[in-house]
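Right, one structure below, let's go through it.
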Amino acid sequence: PESDNVYYSRGRSYLIGSLLREEGHVYSMAVKEGMLYTGSESRNIRVWKNFADAGGFKSGSGLVKAIVVSDSKDNRVFTGHLDGKIRIWTRKGKRVGTLPKLGEYLKNSINPKNYVEVRRNHKVSKIKHFDAVSCLTLNEESGILYSGSWDKTIKVWRISDGKCLESIEAHDDAINSIVVGFGGLVFSGSADGTVKVWRRELQGNETKH
């Protein structure tokens, strides 16, 4: 019998199709409204519909390690890249932004207090990932995007204006997965062998995790 496009033979399911475009390893996927988005080492984002190639987004830099698609009316697609940047797209493939925004990055870079030491005698701005953005998740109710990175940090972004609200030194090794769960909790998984659970709370005049 056939049910929901899954085929069975003597109680076993079997493959009903493959999507192939020779662009190297596939590192990330997201599904939204009948569309499948895939990211690969080609640095581009491929879009599939009804098991057929429906075009893609031409990134041109930083292979695509993570994809998340917004449910909101602005129909944004967020992609995390090997170069430490997050790129923002419309679902039609037009790039409309990059995180961190250049203006905020430059403004933040003026103050020495906004730098963190990542290696001996090497400091970077804390609002930018200095290694691959490996995972992304959205809390659309709160208007927040979370990014996890091989640099061991989680960064918290306000979707409305792209501002980095917080940088969390979260793990002792690379962060490989992050997801928003029940009650607004955030779960992060790392190569250090742990899953950590975070909650956003008001601390004085600031809201932090």
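The values are calculated or read from the model by the stated rules, or taken from the named source; none is laboratory data. Only a predicted model underlies this, so the values are computations on that prediction, with no experimental measurement involved. Cβ coordinates were reconstructed from backbone atoms using ideal geometry, including for glycine residues, and neighbour counts include every protein chain displayed. Note: accessible area is taken over every heavy atom of the protein model, side chains too, but ligands, DNA and RNA are not part of it. Shrake-Rupley method; radii C 1.70, N 1.55, O 1.52, S 1.80 Å.
A count restricted to region 15-28 and to residues that are open to solvent by 80 Å² or more (accessible area, probe 1.4 Å) and in contact (Cβ under 8 Å) with a residue 24 or more places away in the chain stands at 2. Suppose the filter is more than 19 Å from Lys73 (Cα to Cα), in contact with a Cys (Cβ under 7 Å, 6 or more places away or on another chain) and surrounded by 14 or more Cβ atoms within 10 Å (Cβ to Cβ); does Lys163 pass it? Taking the combined requirement at face value, the residue does not satisfy it. Checking region 65-81 against the condition returns a match, with at least one residue being open to solvent by less than 20 Å² (accessible area, probe 1.4 Å) and over 25 Å from Glu22 (Cβ atoms). Scanning region 13-36 for residues that are under 19 Å from Ala132 (Cα atoms) and under 17 Å from the mean Cα position of the chain (by Cα) yields a count of 5.
Need the failing condition index for Gly97 against (1) modelled with pLDDT under 90; (2) more than 21 Å from His209 (Cβ to Cβ); (3) not polar (S, T, N, Q), just the number. Every condition holds for Gly97 apart from (1). Scanning region 12-41 for residues that are part of a loop (DSSP other than H, G, I, E, B) and either in contact with a strand residue (DSSP E or B) (Cβ under 8 Å, 6 or more places away or on another chain) or under 20 Å from Val96 (Cα atoms) (or both) gives Ile16, Leu19, Arg21, Glu23, Gly24, His25, Gly34, Glu41. If a residue has to be at pLDDT below 85 and touching a strand residue (DSSP E or B) at 6+ places or on another chain (Cβ under 9 Å) to count, how many in region 73-89 make the cut? Within region 73-89, residues that are at pLDDT below 85 and touching a strand residue (DSSP E or B) at 6+ places or on another chain (Cβ under 9 Å) number 2.
Here's the yes/no breakdown for (1) without any contact (Cβ under 8 Å) to a residue 12 or more places away in the chain; (2) charged (D, E, K, R):
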residue: Ala30; (1), (2): no, no
residue: Asn44; (1), (2): no, no
residue: Asp53; (1), (2): no, yes
residue: Ser59; (1), (2): no, no
residue: Ser70; (1), (2): no, no
residue: Asn75; (1), (2): no, no
residue: Thr79; (1), (2): no, no
residue: Gly93; (1), (2): no, no
residue: Leu102; (1), (2): yes, no
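Exactly one residue out of Ser125, Ser109 is in contact with a helix residue (DSSP H, G or I) (Cβ under 8 Å, 6 or more places away or on another chain), modelled with pLDDT under 95 and among the polar types (S, T, N, Q), and it is Ser125.
All conditions but one from (1) of a type outside the set (A, V, I, L, M, F, W, C); (2) open to solvent by less than 70 Å² (accessible area, probe 1.4 Å); (3) in contact (Cβ under 8 Å) with a residue 24 or more places away in the chain; (4) closer than 25 Å to Ser72 by Cα apply to Gly181; the one that does not is (3). The set of residues from region 85-103 being crowded, with 20+ Cβ neighbours inside 10 Å and in a loop (DSSP other than H, G, I, E, B) comprises just one member, Pro100.
One residue is enough: does region 134-145 have a residue meeting the conditions modelled with pLDDT of 95 or more and over 23 Å from Thr38 (Cα atoms)? No, that holds for no residue.
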